[in-house]
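Everything below concerns the one structure shown next.
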Amino acid sequence: MSISLAPGVRVGFRGNPVVLVPGRDPLVVDGDTHDFLLRVANEESGGAPTLVMDDQETARSIQLLVDHGVLEGESADWTIRHQTYAPSLSDLYFRRDSQVLQQVFAGVATATGRLVASKATVGFGLATLLLASAFVIWALPVTSTMVTVLDSPGTAILLVFVAQTVRLLLHESGHYAVAAQCGDRPGVGYGLYLAGPSLYVDLSHLESEPVATRLRGDLAGLAVDGYLIAALALAYLWHSDGMAAIVLLSLCTVSLASLRPTEKSDGYWALRDAMGARAVSATWATPRAMLTALRAQDTTVQRFARVLVIIYTLFSVFALCSLPRWLFGTYHAVIDAGPRSLAVVLLAGVGYPTIMVIALLVVRRRRTTRLRPIRGRHRRDRSR
């Protein structure tokens, strides 16, 4: 019997047992199936390989691969796990592809591509992000920074909005650049999270790449963030300014949030790829859920949960150590500026979440009234 890979199917490199089938979720297969598909892919250049169906088990295995759209021909029970992802608060509630944004990312990626062209440049950018963030958290003058916000809240909010927009474009262009270097032209667009609107880049193409490439794609956006924040930190050291401090604080806060590994953010995908937890199908955004996962039967899930518990503990210690400094500094700023100065800040703090909740309710209502819920393929998006 002559068989071949179905059109558009991509098989992961050796050691990366994933299969990409157009229009479907990624498939995680066992080692024997992966080796077989690699042989099929390698032999196709010299003609379709011929398979002798000498037993019913082999016939059933091949048929199952055909049923999943991996192979062309006749063929059915092999250990294939359909890689699914449990929904979480970090998922997009609304998404729409955009050709205009794709052109913008492609253009910006030409400038950021060099910053994420290798593991060294990505690693350096990530280290720079952590060092610059440590400087902002531990060395930035809290009272004077908060006084600046209270004295000119409108200007501060506008500057933060502009800075975050620029950061987001550069961040996503970093992800886009890695995909482009692998020969892909990923889909991009905009969407709505629980935390607010955002942009995304579809990196599903990288699922079949080696671990090093996938990690570079996972962390490329944060590496670009690191270079941007480091440049602004140096400018701040050269000429200290309250508004610049506010911008630095906002950029570091959002970037560090993207590094968290407990939800479907950049840090989650990177940790998942680094640990080989390709079949992990859930995220644990709460300590209780992670403690439950520690008793899971799957050793991969247990190992992944243990690492997350360690990260949770380290983050909690770090937060508790830095929190008093910012609380006391903010308190003194409010005393100096007067209680009335909090009005605009409190209004923004209440108004923004209210707008987001209303937007999510409107989106969800339209989706449930106009369309029946459809289980579309999961896409490995990088955003924020």
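The values are calculated or read from the model by the stated rules, or taken from the named source; none is laboratory data. Just so you know, these numbers come straight off a predicted model, no measurement behind them. Cβ sites come from the backbone with ideal geometry, for glycine too, and all protein chains shown count toward neighbours. Accessible surface areas use protein heavy atoms only, side chains included; no ligands, DNA or RNA. Shrake-Rupley method; radii C 1.70, N 1.55, O 1.52, S 1.80 Å.
See the values below:
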read-out: Arg185 vs. criteria closer than 20 Å to Ser265 by Cα and basic (Lys, Arg); value: no
read-out: Breaking point among (1) at pLDDT 80 or above; (2) exposed (fewer than 10 other Cβ atoms within 10 Å of the Cβ), for Arg340; value: (1)
read-out: Condition met for Gly31 (within 20 Å of Leu203 (Cα to Cα) and modelled with pLDDT under 80); value: no
read-out: Odd one out for Ser322 among (1) open to solvent by 40 Å² or more (accessible area, probe 1.4 Å); (2) under 30 Å from Arg272 (Cα atoms); (3) modelled with pLDDT of 70 or more; value: (1)
read-out: Conditions (1) at pLDDT 90 or above; (2) open to solvent by 50 Å² or more (accessible area, probe 1.4 Å); (3) under 22 Å from the mean Cα position of the chain (by Cα): number failed by Leu251; value: (2)
read-out: Selection from the range 142-174 of residues that are over 23 Å from Leu327 (Cα atoms) and among the acidic types (Asp, Glu); value: Glu172
read-out: Filter result for Gly154 (modelled with pLDDT under 85 and open to solvent by less than 20 Å² (accessible area, probe 1.4 Å)); value: no
read-out: Cβ-Cβ under 7 Å pairs, at least 6 apart or on other chains, the range 246-274 side closer than 24 Å to Ala230 by Cβ, far side surrounded by fewer than 19 Cβ atoms within 10 Å (Cβ to Cβ) and of a type in the set (Lys, Arg); value: Gly267/Arg260
read-out: Check on Gly187, farther than 17 Å from Ser98 by Cα and open to solvent by 10 Å² or more (accessible area, probe 1.4 Å); value: no
read-out: Given (1) under 25 Å from Val136 (Cβ atoms); (2) open to solvent by less than 50 Å² (accessible area, probe 1.4 Å), number of the condition Gly217 does not satisfy; value: (1)
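Okay, residues lined up against (1) touching a helix residue (DSSP H, G or I) at 6+ places or on another chain (Cβ under 6 Å); (2) at pLDDT below 75; (3) surrounded by fewer than 17 Cβ atoms within 10 Å (Cβ to Cβ):
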position	(1), (2), (3)
Ile3	no, yes, no
Gly12	yes, no, no
Val18	yes, no, no
Asp25	no, yes, no
Phe36	no, no, no
Val40	no, no, no
Glu43	no, yes, yes
Gly47	no, yes, yes
Leu65	no, no, no
